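The values are calculated or read from the model by the stated rules, or taken from the named source; none is laboratory data. All figures in this text were calculated on a predicted structure; none of them were measured in a lab. Every residue, glycine as well, gets a Cβ built from its backbone with ideal geometry; the counts of neighbours run over all protein chains shown.
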Amino acid sequence: MELNKYIDHTALKSAVTEKEIETLCNEAKKYNFKSVCVNPCDVKLASECLAGTGVKVCTVIGFPLGKSATEVKVFETEKALKDGATEFDMVINVAKLKEGNALFVENEIKAVIDSAKGNVVKVIIETGLLTDEEIALATKIVCKAGADFVKTCTGFTGGVATENAVKIMKANLSGKTLIKASGGIRTKEDALNFISLGVSRIGTSAGVKIMEE
């Protein structure tokens, strides 16, 4: 198993500098991670740093709250695509899910998928804010919408990836959709544990530490 190819090497905090993005990209090249995941304003720089390497540039959409208007999420996706992103981790509108408006959530995911033009879309459902029943429902909606991945957490609302959430997500998967675990994954042991549960991608800012272990 190539553990490095599971990892989205991540730097999403508000104070991340250009120099830190360049370091992130250099680390990604060294360890040949699957992608770097950066904020939309850093996509162009990351794309330039990683040109010709095979490391993908992932960005976040509607991050971290998911409360942007759908039209804003679509524009953010289109802009990031132009800047060189080929993977998009969008946050659902959690309130709409909790209100029972499954159609809104599904249509918003579809809108982002359409604007991503065939590139990879991962949908963050914020498992830490959801009941078990809501995790199951959200997973079903993500699969129905046709996203590539359903993802646990942003890491910005106090939630972390848990075994329970991943097991519920896996039990409700259908179609092509895979699972990305993110939030609190800091060690090789953590990463391998989630992979053993059926996770296909790991989001972490501790990618280098995990590989050095």
### Query
For the stretch 21-38, how many residues meet the condition of being of a type in the set (A, V, I, L, M) and free of Cβ contacts under 8 Å to residues at least 24 places away in the same chain?
1
#### Entry: Hits in the stretch 116-147 - residues which are among the acidic types (Asp, Glu) and surrounded by fewer than 22 Cβ atoms within 10 Å (Cβ to Cβ)
Asp132, Glu133, Glu134
## Note on the structure
Scanning the stretch 3-58 residue by residue, those basic (Lys, Arg), within 16 Å of Asp83 (Cβ to Cβ) and touching a Ser or Thr at 6+ places or on another chain (Cβ under 7 Å) turn out to be Lys56
### Message
Pairs please, first residue from the stretch 43-55 and modelled with pLDDT of 95 or more, second anywhere and among the acidic types (Asp, Glu) and in a helix (DSSP H, G or I), Cβ atoms under 8 Å, 6+ apart in sequence or on different chains.
### Response
Val43/Asp83; Lys44/Asp83; Leu45/Glu18; Leu45/Glu22; Ser47/Asp83; Cys49/Glu22
### Restricting the stretch 164-176 to residues that are assigned to a loop (DSSP other than H, G, I, E, B) and over 18 Å from the mean Cα position of the chain (by Cα), the residue that is surrounded by the fewest Cβ atoms within 10 Å (Cβ to Cβ)
Ser174
### Filtered residues of the stretch 147-158 (kept if small (Gly, Ala, Ser) and either more than 18 Å from Glu108 (Cα to Cα) or out of contact with any Ser or Thr (no Cβ under 8 Å at 6 or more places or on another chain) (or both))
Gly155, Gly158
### Task
Find the residue count for the stretch 91-111, including only residues that are crowded, with 24+ Cβ neighbours inside 10 Å and touching a Phe, Trp or Tyr at 6+ places or on another chain (Cβ under 8 Å).
1
### Query
Which of the residues belonging to the stretch 116-163 are modelled with pLDDT of 95 or more, in a loop (DSSP other than H, G, I, E, B) and farther than 14 Å from Ile185 by Cα?
Ala116, Lys117, Gly118, Asn119, Ile125, Glu126, Leu130, Thr131, Gly146, Ala147, Asp148
### Message
I'd like to know if the stretch 119-138 contains one or more residues that are over 15 Å from Ser200 (Cα atoms) and either basic (Lys, Arg) or free of Cβ contacts under 8 Å to residues at least 24 places away in the same chain (or both).
### Response
yes
### Task
Could you run through the stretch 56-69 and say how many residues are out of contact with any Phe, Trp or Tyr (no Cβ under 7 Å at 6 or more places or on another chain), β-branched (Val, Ile, Thr) and without any contact (Cβ under 8 Å) to a residue 40 or more places away in the chain?
1
### Message
Against the conditions (1) out of contact with any His (no Cβ under 7 Å at 6 or more places or on another chain); (2) in a helix (DSSP H, G or I); (3) farther than 22 Å from Thr131 by Cα, where does Val60 fall short? Just the number, please.
### Response
(2)
### Task
Hey, could you check the stretch 6-41 for residues that are out of contact with any strand residue (DSSP E or B) (no Cβ under 8 Å at 6 or more places or on another chain) and part of a helix (DSSP H, G or I) and say which is surrounded by the fewest Cβ atoms within 10 Å (Cβ to Cβ)?
Lys19
